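> Please see the structure below; I have some questions.
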Ligand code: GLY
């Protein structure tokens with residue numbers, strides 16, 4: 001039986017010698033540590049599987065989810081050396097319409113999934129060379145991506161700036177509102193008596209004995225929340241919570257991204273606009289946001305190897321605005337209403353840690369890096385499979401969540417480029433094996 005399954009016997013009555021806590025909170029089928037889009041998605045899927053669930057997070061949705069722009073961009077986020085991630089991304093993008101429809105039906109909240117396509121523009125001649133290099137990679141991988149003339153690009157997006165050298169078009173890269181998606185997930189949980197969202201931090205997981213199964217999570221008020229299954233979706237902090245589980249390696253770190261939100265009533269953009277400006281990537285995501293459907297654009301994002309101290313930097317904000325106004329000069333007239341720096345949860349290979357672990361009862365759902373919103377439906381599918389005792393989706397199974405466990409001598413990866421016999425899709429050729 002899969003070690004992560006909640007159908008394991010209820011261990012709430014098993015003494016936990018590792019726990020020094022006097023208080024015992026509720027005992028549920030599943031405890032989810034982390035209330036971002038991934039954690040709440042996991043909790044929702046637990047409910048759908050007929051299980052009770054507690055989510056522990058001092059401020060649900062205020063981590064990477066709060067900064068995310070919501071690009072569903074398997075093509076324009078595809079990068080050299082990341083074909084395994086591309087497989088996850090394309091699979092999850094295909095799941096987004098059904099995921100959004102089901103969530104909207106369950107919550108009554110529009111998550112603003114918009115099939116708008118993505119334009120990428122290059123600023124100078126060197127940027128166009130870089131864009132064409134990426135286009136060649138797209139073609140090698142069979143992705144739907146073409147070069148446009150600037151006239152064509154301006155026909156699609158008349159508000160583009162005057163000084164550009166070229167443009168690409170990715171018709172399948174779309175967007176969704178991450179904050180609305182989180183609100184929808186939260187409403188589903190809040191409406192279900194089998195779910196509890198507890199505003200506490202987790203200080204560590206509890207387990208039975210020193211090598212036994214995980215039995216729950218200890219919060220910062222000294223309460224242990226017991227469960228047969230613990231899903232660790234604590235973003236870049238995940239690694240810190242594994243101190244009592246030396247056999248599990250989950251090296252997560254924050255890669256800080258700053259995003260800006262602008263109130264832009266007159267900026268009627270039809271597409272996500274990405275740019276390469278003197279080598280720097282930047283994006284502008286337009287949407288109708290909030291209950292009143294006001295027009296906003298999200299500008300992002302920095303990518304900084306530094307602690308997530310939640311303070312914006314002058315240089316980061318300056319660079320984003322400077323580069324974004326090359327793409328769309330009209331943002332000069334928009335009101336800057338929100339600056340959000342947050343740490344993306346990132347692993348050494350930029351791939352998520354998703355699936356059951358070597359410790360019974362412990363499931364990882366973290367490390368989604370730049371793709372937490374995009375990968376939410378595939379994470380849901382993985383949880384569905386896990387909770388039902390079915391095999392994980394092939395693209396998820398190909399990325400071993402135990403690949404960083406201490407003592408592993410094999411790379412822990414299956415070959416991502418080989419097409420499984422049951423999977424007729426083409427491989428992403430031309431990438432080295434892991
Ligand atoms: N997915 C875009 C970003 O993380 O900036």
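The values are calculated or read from the model by the stated rules, or taken from the named source; none is laboratory data. Since this is a predicted model, take the numbers as computed values, not measurements. Here Cβ is always computed from backbone atoms with ideal geometry, including for glycine, and neighbour counts include all displayed protein chains.
> Looking only at the stretch 356-372, count how many residues are in contact with a strand residue (DSSP E or B) (Cβ under 7 Å, 6 or more places away or on another chain), on the phi < 0 side of the Ramachandran plot and within 16 Å of the ligand (Cβ to nearest atom).
Number satisfying all stated conditions: 3.
> Restricting to the stretch 400-410, count the residues that are touching a residue at least 12 places away in the same chain (Cβ under 8 Å) and either out of contact with any strand residue (DSSP E or B) (no Cβ under 7 Å at 6 or more places or on another chain) or within 16 Å of the ligand (Cβ to nearest atom) (or both).
Residues flagged as touching a residue at least 12 places away in the same chain (Cβ under 8 Å) and either out of contact with any strand residue (DSSP E or B) (no Cβ under 7 Å at 6 or more places or on another chain) or within 16 Å of the ligand (Cβ to nearest atom) (or both) within the stretch 400-410 amount to 6.
> Could you grab me the full set of residues in the stretch 105-114 that are part of a loop (DSSP other than H, G, I, E, B) and either under 19 Å from the mean Cα position of the chain (by Cα) or surrounded by 23 or more Cβ atoms within 10 Å (Cβ to Cβ) (or both)?
Within the stretch 105-114, 111, 112, 113 meet the criteria.
> Out of 327, 260, 321, 353, which single residue is within 14 Å of the ligand (Cβ to nearest atom) and in contact (Cβ under 8 Å) with a residue 60 or more places away in the chain?
When all the criteria are applied, what remains is 260.
> Looking at 381, 385, which is the one that is in contact (Cβ under 8 Å) with a residue 60 or more places away in the chain and away from the ligand (no atom under 16 Å from the Cβ)?
So the residue among 381, 385 that is in contact (Cβ under 8 Å) with a residue 60 or more places away in the chain and away from the ligand (no atom under 16 Å from the Cβ) is 381.
> Just give me the residues in the stretch 204-244 being more than 26 Å from residue 384 (Cα to Cα), modelled with pLDDT under 95 and not in a loop (DSSP other than H, G, I, E, B), in sequence order.
Scanning the stretch 204-244 gives a single hit, 240.
> I would also like to ask the following. So, residue 351, is that one in a helix (DSSP H, G or I), modelled with pLDDT of 95 or more and surrounded by 23 or more Cβ atoms within 10 Å (Cβ to Cβ) or not?
No, not satisfied.
> Just checking, how many residues over the stretch 49-94 are part of a strand (DSSP E or B), within 13 Å of the ligand (Cβ to nearest atom) and over 15 Å from the mean Cα position of the chain (by Cα)?
0
> Is one or more of the residues making up the stretch 33-41 in contact with a helix residue (DSSP H, G or I) (Cβ under 6 Å, 6 or more places away or on another chain), in a helix (DSSP H, G or I), away from the ligand (no atom under 16 Å from the Cβ) and at pLDDT 95 or above?
Within the stretch 33-41, one or more residues are in contact with a helix residue (DSSP H, G or I) (Cβ under 6 Å, 6 or more places away or on another chain), in a helix (DSSP H, G or I), away from the ligand (no atom under 16 Å from the Cβ) and at pLDDT 95 or above.
> Let me ask something else about it. Starting from residues that are away from the ligand (no atom under 14 Å from the Cβ) and modelled with pLDDT under 95, keep the ones in the stretch 306-318 and report whichever is farthest from residue 255 (Cα to Cα).
By that ranking, first place goes to 311.
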